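Trainee: Below is one structure. I have some questions about it.
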Amino acid sequence: MTQATGPSRSHPVTLSDVARLAGVSIATASKALNGRSQVRAETRQRVIEAAERLSFRPNQLARGLLAGRTGTVGLLTSDLEGRFSIPILMGAEDAFGAGEVAVFLCDARGDAIREQHHVRALLGRRVDGLIVVGSRTDPRPSLGRELPVPVVYAYAPSEDPEDLSIVPDSVGAGRIAVGHLLACGRTRIAHITGDPGYLAAQERAEGAQAALADAGLALVGEVRFGAWSEGWGRAATAMLLDRHPDVDAVLCGSDQIARGVMDVLRERGHRVPEDVAVMGFDNWQVLTSASRPPLTSVDLNLEQVGRAAARALFSAIAGGRRSGVETLPCRLVIRGSTAPLS
């Protein structure tokens, strides 16, 4: 009688080796190791013991293929260098890494034809799903309902209500900002923001005005729409102070605008925050920390948007079904530019 022995060290252990040692077919060994219900308990135990004896570790791709999955996903962005896209991609990759999922990253550079090329290439690699990351919060065209894998849209929602989109709550962000200024004792609040063609600019203004209305107040003057730049912040502040010199707070649509606002306030002899509180949106560390005083800002929680999109994709791959636009709350980061009135 001969004793069954494992394969020599000259070649890696395979599923065939495990099946041979356990005395079953390769198909049965595969089912046993992947938890399939068609295998008897004593057979499964024999296969597991054989695998342990041979120190067999199933190849990750092979296991995925047996389950109909490759363990890969595609991350498709239109603005890889953008400061909004990168945190979302980092959050998504963090979540995928925790699930031992490999990521293919593609940059369409805002080109619809290039985007379609990347989609075809990713599908050719048999990815299990896609996350599409936009560069702004305005709705974008859907990739369509005929794709063979689930798709989740992050930051820029899909125009198709049957798709699932994860976005920051811009209206809520405006409310949070004004709520903080009111808590600091400010009542004459102006709003200087960016391009009115951006949905984020409109929604932040909407939230700010709603929070003021709830407090029985209104903005000082109209919402001042312009460019997302320090230059516009300076120009708009000069006009604001000429018409409303008693303003005691300026809510800015971005941190860049806020830097320009603070420049002109200093030039006009207004102290920040003693005379006028200033705050921005985006919490861009390069600007907020270097400002004097450091700038209070609303953080859009973009990494959390990425993580939520990744979790939603995991759920969709597993058969979960969600649709519509889901918003995630933003958070306030308080610094020296909005100290309470004494």
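The values are calculated or read from the model by the stated rules, or taken from the named source; none is laboratory data. Predicted model, so just to flag it, every value in this text is computed and none were measured. Because the Cβ atoms are built from the backbone with ideal geometry, glycine has one as well, and the counts that use them run over all protein chains shown. Quick note on the areas: whole protein, heavy atoms, side chains included, nothing else; ligands and nucleic acids left out. Shrake-Rupley method; radii C 1.70, N 1.55, O 1.52, S 1.80 Å.
Trainee: Among Ala173, Tyr198, Ala235, which residue has its Cα positioned farthest towards the positive end of the charge dipole of the range 170-299, with +1 placed on the Cβ of Lys and Arg, -1 on the Cβ of Asp and Glu, and the dipole taken about the Cα centre?
Mentor: Value: Ala235.
Trainee: Within the range 245-269, whose backbone N sits under 17 Å from a point 7 Å along Cα→Cβ of Ala215?
Mentor: Counting backbone N atoms under 17 Å from the label point, the list is 246-253.
Trainee: May I pose another question? Among Cys106, Cys184, Cys330, determine the one that fluctuates most according to a GNM of the chain built with springs between C-alpha atoms less than 10 Å apart.
Mentor: Cys184
Trainee: Something else: Any idea what the dipole of the chain comes to, in debye rounded to 20, about its Cα centre with Lys/Arg Cβ at +1 and Asp/Glu Cβ at -1? Working shown, then result.
Mentor: Values: 38 positive and 38 negative charges, 319 e Å.
The dipole magnitude comes to about 1540 debye.
Trainee: Using Cα pairs under 8 angstrom and six or more residues apart, how large is the relative contact order of the chain, in percent?
Mentor: So the answer I get is 17 percent.
Trainee: First measure r as the distance between the Cβ atoms of Asp246 and Arg114, then evaluate 1/(1 + (r/R0)^6) with R0 = 41 Å and state the FRET efficiency to the nearest 0.05.
Mentor: After rounding, the FRET efficiency stands at 0.20.
Trainee: Using a cut-off of 11 Å between beta-carbons, work out the net charge of the residues near Leu328 (Lys and Arg +1, Asp and Glu -1, Leu328 not included).
Mentor: On the way: positive: Arg307, Arg331; negative: Asp169, Glu303, Glu326.
Here the count lands on -1.
Trainee: Another question, then. Using amide H atoms built in the peptide plane, which far-off residues or other-chain residues are under 5 Å from Leu328 H to H?
Mentor: Val167, Asp169
Trainee: For a quick check: with amide H placed at 1.01 Å from N, whose amide H comes under 5 Å from Asp163's, ignoring anything fewer than 5 positions away on the same chain?
Mentor: Sorted by chain and number, the residues that satisfy this are Gly324.
Trainee: Right, another one. So what J values fall out for the range 221-229 if you push phi through Karplus, 6.51 cos²θ - 1.76 cosθ + 1.60 with θ = phi - 60°, rounded to Hz, Gly and Pro as x?
Mentor: x, 8, 5, 9, 7, x, 9, 7, 8
Trainee: In debye, nearest 20, what is the charge dipole magnitude of the range 170-299 about its Cα centre with +1 on Lys and Arg Cβ and -1 on Asp and Glu Cβ, if you could check?
Mentor: Working: 12 positive and 16 negative charges, 44 e Å.
I would put it at about 220 debye.
Trainee: With an 8 Å Cα cut-off and a minimum separation of 6 or more residues, compute the relative contact order for the range 193-342 in percent.
Mentor: 20
Trainee: Once you list every other residue whose beta carbon is under 11 Å from the beta carbon of Asp299, what net charge do they have if Lys and Arg are +1 and Asp and Glu are -1?
Mentor: Value of the local net charge: -2.
Trainee: OK, next. Among Ser25, Gln38, Ala50, whose Cα lies farthest out toward the positive end of the dipole of the range 15-58, if unit charges sit on the beta carbon of Lys, Arg (+1) and Asp, Glu (-1)?
Mentor: Gln38
Trainee: Calculate what fraction, in whole %, of the accessible area of the chain sits on carbon and sulfur atoms when a 1.4 Å probe is rolled over the protein chains.
Mentor: 52
Trainee: Give me, ordered by chain and number, the residues 5 or more places off Val133 or on other chains with an amide H under 5 Å from its own placed amide H.
Mentor: Here Leu76, Thr77, Ser78, Ala154 satisfy the definition.
Trainee: I would also like to ask the following. Quick check: with the 1.4 Å probe, what order do Tyr153, Tyr198 take by accessible area, largest first?
Mentor: Greatest to least solvent exposure: Tyr198, Tyr153.
Trainee: In nanometres, what is the gap between the two model label sites at Arg331 and Glu274, each 7 Å from Cα along Cα-to-Cβ?
Mentor: Here the modelled spin labels are 3.3 nm apart.
Trainee: Still on this structure: Based on the Cβ-Cβ distance of Ala121 and Ala238, what FRET efficiency does E = 1/(1 + (r/R0)^6) give at R0 = 51 Å, to the nearest 0.05?
Mentor: Working: r = 51 Å, r/R0 = 0.99.
After rounding, the FRET efficiency stands at 0.50.
Trainee: Of all alpha-carbon pairs in the chain, indicate the percentage at a distance above 27 angstrom.
Mentor: 57
Trainee: Extension gain Ala183-Ser323, at 0.36 nm per residue separation less the Cα-Cα distance, in nm? Walk me through the numbers before you get to the answer.
Mentor: Working: separation 140, 0.36 × 140 = 50.40 nm, distance 3.67 nm.
Difference between extended and current length: 46.7 nm.
Trainee: Identify the GluC sites (Glu not before Pro) of the range 187-247 meeting these criteria: DSSP loop state and at most 11 other C-beta atoms within 10 Å of the C-beta.
Mentor: Passing both the DSSP loop test and the Cβ count: Glu222.
Trainee: Can you say what percent of the DSSP beta bridges in the chain, counting only those with both residues inside, are antiparallel? Round to 5.
Mentor: Details: 3 of 37 bridges.
The antiparallel proportion sits near 10 percent.
Trainee: Got a sec to turn the phi values of the range 142-147 into Karplus ³J(HN,Hα) couplings, 6.51 cos²θ - 1.76 cosθ + 1.60 with θ = phi - 60°, whole Hz, x for Gly and Pro?
Mentor: Whole-Hz 3J(HN,Hα) from phi for the range 142-147: 6, 6, x, 8, 9, 5.
Trainee: Rolling a 1.4 Å sphere over the protein heavy atoms, what is the accessible area per residue of the chain, to the nearest Å²?
Mentor: Normalised by residue count, the accessible surface of the chain is 48 Å².
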